[in-house]
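K.L.:
Structure incoming, see below.
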Amino acid sequence: MNQSSSQQRRHLLGGTTRVFLAEALILPAGLLIVMFLTRRLGPDGYGLFALAAAFITSVELIISSFFERATIKFISEATDWQPIGNVVMRLHLTISVGTALLVFISADAIATLLNEPELASYLQLFALDIPLFSLATAQRNVLIGLGGFSQRAIIGAAQCLTRLVLILALVELGFSVAGAILGGIGASLAGVIIGRYYVRLSPFRRSTFTARQLFGYAVWLFLFSIGIIVYNKLDIFMLKILGVD
């Protein structure tokens, strides 16, 4: 028993370290992207990209945070985890596609509210990232529940590096703000493809596990998470709504 517990602790520590190192790539890669985009897009172009990215990222984090902890809990405790994984994928796909359509339809109204008419087309393009990001997140959460920390780290590192390479390449080719957005979409797509290699789940496969079981556990954690996300992103949106440039 002690040996088994020791092995579990070493596995958890090693897995956490690998995930941390993969996520640590976000800082240098993010700094490179910011320095590159501010130089290539200028203040106005970068401002539009940052505003669109802040809005879409907030939406994506709200969706993913709803099921994150519940997914990890149920997957880690299950003897047959695939039915749970399929339901998680289905919920992520359904909610994220619906949200993306809502963002696409309301993009003009959002841009008007934020006093940036040009923002509408960028939000509509960026909306394509919402389902891809959500599915990639679902797969990563399943991997964490299974103890697949190395695979989770590989996906995170791959997404980070793909985003960096694609943004640099597409903006350099003259795609401007749209190129930066497409780089993010490409990174999410890479996450879905790699995640699919590790966990072969399908949102269209029938399952004996019900969504109600996830919702009952997730709702209170979601309310806490959404409060943190809104609090962290509120400043930039209030400045634009109040007309501060």
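The values are calculated or read from the model by the stated rules, or taken from the named source; none is laboratory data. If you're wondering where the values come from, they're calculated on a predicted model, not measured in any experiment. In this analysis, Cβ positions are derived from the backbone assuming ideal geometry, glycine residues included, and neighbour counts consider all displayed protein chains. The area values use the complete protein model at the heavy-atom level, side chains included, leaving out ligands, DNA and RNA. Shrake-Rupley method; radii C 1.70, N 1.55, O 1.52, S 1.80 Å.
K.L.:
Using Cα-Cα distances under 8 Å and only pairs 6 or more residues apart, what relative contact order does the stretch 80-190 have, in percent?
P.N.:
It comes to 26 percent, rounded to a whole number.
K.L.:
If you don't mind, there's one more thing I want to ask. For the stretch 82-105 and the stretch 120-196, what is the centre-to-centre distance using only Cα atoms, to the nearest Å?
P.N.:
16 Å
K.L.:
For V34 and V165, calculate 0.36 nm times their separation in residues minus their Cα-Cα distance, and state this gained length in nm to one decimal.
P.N.:
Computed gain between V34 and V165 is 45.8 nm.
K.L.:
Please list 3J(HN,Hα) in residue order for the stretch 38-43, calculated via the Karplus relation 6.51 cos²θ - 1.76 cosθ + 1.60 where θ = phi - 60°; whole Hz, with x for glycine and proline.
P.N.:
Along the stretch 38-43, the couplings run 5, 6, 7, 8, x, x Hz.
K.L.:
Continuing with this model, one more query. I'd like the FRET efficiency for R206 and N115, computed as 1/(1 + (r/R0)^6) with the beta carbon distance as r and R0 of 45 Å, rounded to 0.05.
P.N.:
In this case the efficiency is close to 0.40.
K.L.:
Provide the per-residue ³J(HN,Hα) series for the stretch 107-122, in order, calculated from phi with Karplus coefficients 6.51, -1.76, 1.60 and θ = phi - 60°, each as a whole number of Hz, with x at glycine and proline positions.
P.N.:
Calculated HN-Hα couplings, in order: 4, 4, 5, 5, 4, 5, 4, 8, 6, 9, x, 5, 5, 4, 5, 6 Hz.
K.L.:
If the chain between Y197 and I26 were fully stretched, how many nm would it gain, using 0.36 nm times the residue separation less the Cα-Cα distance?
P.N.:
59.3 nm
K.L.:
Given the protein chains as shown and a 1.4 Å probe, how many square angstrom of V59 are accessible, to the nearest 10?
P.N.:
30 Å²
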